[in-house]
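The values are calculated or read from the model by the stated rules, or taken from the named source; none is laboratory data. Since the structure is predicted, the reported quantities are computational estimates derived from the model, not experimental observations. Don't worry about glycine lacking a Cβ; one is built from the backbone with ideal geometry, like all the others, and counts go over all protein chains shown.
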Amino acid sequence: MLLKYFYDENLSQASYMVGCQASKEAVIVDPARNINPYVEEAKKQGMDIVGALETHIHADFVSGARELAENLHATLYISDEGSQDWKYKNINHLSHCLLKEGDQFHIGNITFKVIHTPGHTPESISFILTDGSTNINSPMGIFTGDFVFVGDVGRPDLLEKATGAKGSAKLGAHDLFKSLNKFKDLPDFMQIWPGHGAGSACGKSLGSIPSSTVGYEKRFNWALQHTNSEAFVKELLEGQPDPPNYFAMMKQINKNGTILIEDLPKIKEITNISEIEEKIKNGAQVIDTRDSSQFAKEHIEGTINLPFNASFANWAGWLLDYKRHIYLLTNKQDLDVIKDRLHSIGFDQIKSYMNVVKAMEETSIRESYQNILPSEAKDMVQNGTAQILDVRSLAEWEEGHIEGAYHVMLGTILKHINNIPSGRPLIVQCASGVRSAIGVSILQANGIKDVFNLTGGYTLWKKEYPELEIK
């Protein structure tokens, strides 16, 4: 048997290739939208990809299951649990197998058994794997998706927070408690292969180790220590952060299907700066992907700075609008990777791009902003000439914040922009100065020009002025 692990660090998302070396067949568990890594690995191993297994309808990335079904004629192995609201749509033209509790199917000598594990979502299922090529007639492991992680469990509040399904968080939490009791009956020796690692918003405190065992999780995972349903539900739901705005869109895309990557229109190159300036004038989303230090020194008025780094997809999902075209100011060598990251969360409306160096040389509508140290910010705040705007998460804010600061989490800044205090310059602050730089660009693009970025953020402020901290 072949088991190959794939991990997207940008989305903290894990997928797996499981192959039978006797039949030369392989399946992909919870595939990402870009299927090229799976195709290349299958070719390397001399295998054919015959199936795509989905543990649930994902909310944090566009699944590649339909890409595999359309391009390779792979069979979809998908859940038929849950209500009609959580059934896959538009799949009749694809080879598919609808699965319920207790179902089994075979890929060569490998057996997959389905268990229904609701809680994170109503339709969630897990796959128990048994390798029939061995003399040991016992399961090897379980693909848990977003049900059980290393050190944590899937959050049940996403449907309520991301899609507005009132009451579903508490109901899902009780379902999850029942599912975990089912999990406790599994043999301790079984491996668990989860769908995410540390950094994912699908759990509260995921571990960074890629896999674990049932026995280890039963002993050390906080969620599996609970024997009382109400106490479990209370702890599970407390402190869950707001999900990124794009999660609701992902659910719909993965439920209903989306355009195949090969059918998306090509991204055009813009060579005349007047075209970009006209787009900005008409309210288009123009994204500058340079480092924030470069953007601060000089940028085109009306653009938003989303630096091309490991957090790029996350903040794009929080801050960009799916209903509007996207125009990029970037370097050509980064374009394909940026495009893949945007496609991974369903932003298919990338219209065109312009070389950012050329754009900056030719534009006539430049602006900048200033990075300031806590010593400068302190004087401005204490003499009443500036207002601190804290863009960290609610959990960070509640742990401690600068006295007199106004709080708006960065991902929600556009929703609350009309409520942000006006009349004085704003000093935007996060933990380090990275997220706040994005916030400054958004404020400037929306007409709030008198803004500063706090270098070192709250971490440096707290170190230098602990007496001005509120806990």
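In region 43-114, counting only strands (runs of 3 or more DSSP E) that sit wholly within it, the ones holding 2 or more residues that are under 26 Å from residue 340 (Cα atoms) span 48-53, 75-79.
A single entry from 169, 231, 198, 165 fulfils the requirement of being at pLDDT 95 or above and aliphatic (A, V, I, L, M): 231. Within region 176-191, not a single residue is at pLDDT below 95 and not in a helix (DSSP H, G or I). Listed by first and then second residue, the pairs linking a residue in region 343-368 that is farther than 15 Å from residue 303 by Cβ and in the same structural domain as residue 315 (by TED's automatic domain parsing) to a residue that is basic (Lys, Arg) and in a loop (DSSP other than H, G, I, E, B), with Cβ atoms under 8 Å apart and 6 or more places separating them unless they lie on different chains, are 343/33; 344/33; 349/324.
Among the residues of this structure, residue 403 counts as one that is touching a strand residue (DSSP E or B) at 6+ places or on another chain (Cβ under 8 Å), farther than 30 Å from residue 262 by Cα, among the acidic types (Asp, Glu) and at pLDDT below 95.
In region 452-471, the residue that is surrounded by the most Cβ atoms within 10 Å (Cβ to Cβ) out of those that are of a type in the set (Val, Ile, Thr) and within 29 Å of the chain's Cα centre (by Cα) is 455. Residue-level check: of (1) in contact with a helix residue (DSSP H, G or I) (Cβ under 9 Å, 6 or more places away or on another chain); (2) more than 27 Å from residue 14 (Cα to Cα); (3) outside the structural domain of residue 462 (by TED's automatic domain parsing), residue 315 misses just (2). Among residues of region 425-462 being in contact (Cβ under 8 Å) with a residue 60 or more places away in the chain and in contact with a Pro (Cβ under 6 Å, 6 or more places away or on another chain), the one that is nearest to residue 389 (Cα to Cα) is 461. Condition test on residue 302, is it farther than 17 Å from residue 444 by Cα, of a type in the set (Gly, Ala, Ser) and touching a helix residue (DSSP H, G or I) at 6+ places or on another chain (Cβ under 9 Å)? Here the answer is no, as residue 302 does not meet what is asked. Elements of the type helices (runs of 4 or more DSSP H) sitting completely within region 201-266 and holding at least 1 residues that are closer than 18 Å to residue 188 by Cβ: these cover 214-220.
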